[in-house]
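Single-structure report; data block below.
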Ligand code: 5GP
Ligand code: SF4
Ligand code: MG
């Protein structure tokens, strides 16, 4: 999901809408904005679909007055997956004994079921299927006297990955979980403060990037300025390495590193680890493009746009049903026949999950007359589901969970298939000596199976042992 919040700007909602538009790649199912206005209090608009279709008309934006606001773009990983209803669209808001609050969450809470069960036993009525709602109920039951204290109290009880925004009648709060699995950055425009999932959302409104919110940090912004506290037990950070591979936009900078540059260097690593004689390097656009450029630069094999993407179709994998996903690839990508015919092609993509995309692309490219097809994948085999806010299917649907690299090559039906090594990936994101096996510098559970936070709910539901 994507988050954007602003405090202290006229027309806050317009900033939020622009920020969410820049973050649309993080969630395309729905979006919501809550603002606060001195005279009108909290204002809420939530809609299914794209920001550009929902938060551009004067009629809608007039419903969102105020100098502060937060917004969320949704991509379902829990709850009503694939059939989002308005009830599940964030921000969630409520009136606590100490004042009104709206909250928005990127990530996934791994013990939400347990907490929800306890809360229901004690009388809470849940309105949504979202894990995030539990935090609002925990805040409602807390005995602390301020909203930041209640939020801390609630977040100390939950486990998993969370970047949170909270809007109150007189402030804006941002929090990252102690491992800092999901991103959150701080920016400034004029006298206003901004919190956003990625720096590309600061760029779109012309705001200045100040710094990342730190893992485990809570920042509280109000008319007196910004305060920082560290409410959790300190832990070694484990940022999601997959944000560098796929999830973030390539023009964002996370943890001081350019996402584009990380991706390009993954391609360089791939060219070193898995060279091949070929005529062209092509990307599966858009997510494979920077790595394909890196592969081409390092190997000296020319880069060409062998596959063309229709710009008007969103990310395939985010559209949730199998049927739509299958249709999606053809709607979205087409082979540039004129340049592919008779060529030995290196095809670079960011990841293989179910293998659906790779199979389709291989068919299309052989159909167009390619002589050889060599797949190069800019991440290690995805053999484990993510429980921290990226929607991967159950383990048995992941190609790499039951097949070796060789078996996957046969299954997909290409001349060769190679994945970047985990060490190569770490080098590409700036860890010169690779992955520290004793203390891995990132979360890489979808590749290694080493989950930095125990996925309690999933174990309970039998979705993993
Ligand atoms: P596949 O077709 O193998 O199931 O999915 C791989 C394609 O989906 C890649 O082109 C990649 O860009 C995209 N993708 C990237 N990350 C994910 C993810 O976490 N889950 C899913 N389902 N697809 C992803
Ligand atoms: Fe990121 Fe993978 Fe960890 Fe999920 S399991 S947080 S996608 S690295
Ligand atoms: Mg892709």
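Could you state the angle between the C-alpha long axis of helix 289-299 and the longest principal axis of the C-alpha atoms of the chain, as a value from 0 to 90 degrees rounded to the nearest 10?
Around 40 degrees separate the two axes.
To test your reading of the geometry: what angle, between 0 and 90 degrees and rounded to tens, separates the Cα axis of helix 259-273 from the longest principal axis of the chain?
That helix lies at roughly 30 degrees to the long axis.
Subtract the Cα-Cα distance of residue 297 and residue 141 from 0.36 nm times their separation in residues, and report this length gain in nm to one decimal. Before the final figure, lay out each step's value.
On the way: separation 156, 0.36 × 156 = 56.16 nm, distance 5.72 nm.
Extending this stretch completely gives an extra 50.4 nm.
How do 152-164, 247-259 rank on mean C-beta neighbours within 10 Å, highest first?
Numbers: 152-164: 21.1, 247-259: 19.2.
Packing order, densest peptide first, comes out as 152-164, 247-259.
Which order results if 458, 408, 230 are arranged by neighbouring Cβ count within 10 Å, fewest first? Working shown, then result.
On the way: 458 18, 408 21, 230 12.
So the residues, fewest neighbours to most, are 230, 458, 408.
Applying 1/(1 + (r/R0)^6) with R0 = 51 Å to the Cβ-Cβ distance of residue 395 and residue 62, what FRET efficiency is obtained, to the nearest 0.05? Present the calculation step by step, with values, prior to reporting the outcome.
Working: r = 48 Å, r/R0 = 0.94.
Given R0 = 51 Å and the Cβ-Cβ separation, E is 0.60.
What list do you get for 200, 282, 1 if you sort them by fewest beta carbons within 10 Å? Walk me through the intermediate numbers first.
Details: 200 21, 282 31, 1 25.
By the 10 Å Cβ count, ascending: 200, 1, 282.
With N set to the residue count of region 116-193, report its C-alpha Rg divided by 2.2 N^0.38 Å to two decimal places. Could the numbers behind the result be given before it?
Values: Rg = 14.0 Å, N = 78, 2.2 N^0.38 = 11.5 Å.
The value comes to 1.22.
Angle, helix 112-121 long axis vs. longest principal axis of the chain, Cα atoms, 0 to 90°, nearest 10?
30 degrees
Sort all Cα-Cα distances of region 253-451 into consecutive 10 angstrom bins from zero, then give the percent of pairs in each bin up to the one containing the longest distance.
Bins of 10 Å from zero give 9, 36, 39, 15, 1 percent of pairs.
Take the alpha-carbon positions of region 1-130, form their convex hull, and give its projected area averaged over all directions (one quarter of the hull surface) in nm².
Reported value for the Cα convex hull: 8.3 nm².
Over the Cα atoms of region 2-236, how large are the radius of gyration and the largest Cα-Cα distance (Dmax), in Å?
Considering region 2-236 through its Cα atoms, Rg and Dmax are 16.1, 48 Å.
How would you rank 53, 286, 350, going from fewest to most other Cβ atoms within 10 Å of each one's own Cβ? Write down the numbers at each step before the final one.
Working: 53 11, 286 15, 350 24.
Lowest count first: 53, 286, 350.
Can you tell me the relative contact order of region 2-236? Whole percent, Cα pairs under 8 Å, sequence separation 6 or more.
Details: 584 pairs, mean separation 48.8, N = 235.
Once divided by the residue count of region 2-236, the mean separation gives 21 percent.
Determine by what factor the alpha-carbon radius of gyration of the chain differs from 2.2 N^0.38 Å, reporting the quotient. Can you show the working numbers first?
Working: Rg = 22.3 Å, N = 465, 2.2 N^0.38 = 22.7 Å.
After normalising by residue count via 2.2 N^0.38 Å, the value is 0.98.
Suppose a student asked you for the relative contact order of the chain, using Cα pairs under 8 Å spaced at least 6 residues apart; what percent would you report? If you can, show how the numbers build up before the last one.
Numbers: 1102 pairs, mean separation 60.3, N = 465.
Taking the mean separation of contacting Cα pairs over the length of the chain, I get 13 percent.
Viscosity 0.692 mPa s, temperature 37 °C: give me the Stokes-Einstein translational D for region 121-160 in µm²/s, with Rh taken as the Kirkwood radius over C-alpha pairs. Present the calculation step by step, with values, prior to reporting the outcome.
Working: Rh = 10.6 Å.
Taking Rh from Cα pairs, D becomes 310 µm²/s.
Taking Rh as the Kirkwood radius computed over C-alpha pairs, what is the Stokes-Einstein D of region 350-465 at 20 °C in a medium of viscosity 1.002 mPa s, expressed in µm² per second?
Values: Rh = 15.5 Å.
The Stokes-Einstein estimate is 138 µm²/s.
Using a Förster radius of 25 Å, what is the FRET efficiency between residue 341 and residue 272 based on their Cβ-Cβ separation? Nearest 0.05, please.
Details: r = 29 Å, r/R0 = 1.17.
About 0.30, to the nearest 0.05.
Once R0 is set to 56 Å, what does the formula 1/(1 + (r/R0)^6) return for the Cβ-Cβ distance between residue 117 and residue 415, expressed as a FRET efficiency to the nearest 0.05?
Numbers: r = 52 Å, r/R0 = 0.93.
For residue 117 and residue 415, the calculated efficiency is 0.60.
Taking a virtual spin label 7 Å from the Cα of residue 310 along the C-beta vector, which residues in region 20-59 bring their backbone nitrogen under 18 Å of it?
50
So what is the relative contact order of region 253-451, in percent, for Cα pairs below 8 Å that sit 6 or more residues apart?
That works out to 21 percent.
Bear in mind that the values in this text are calculations on the coordinates, not laboratory data. Since the model is a prediction, treat every value here as computed from it, not as a measurement. Note: ideal-geometry Cβ built from the backbone for every residue, glycine included; neighbour counts use all protein chains shown.
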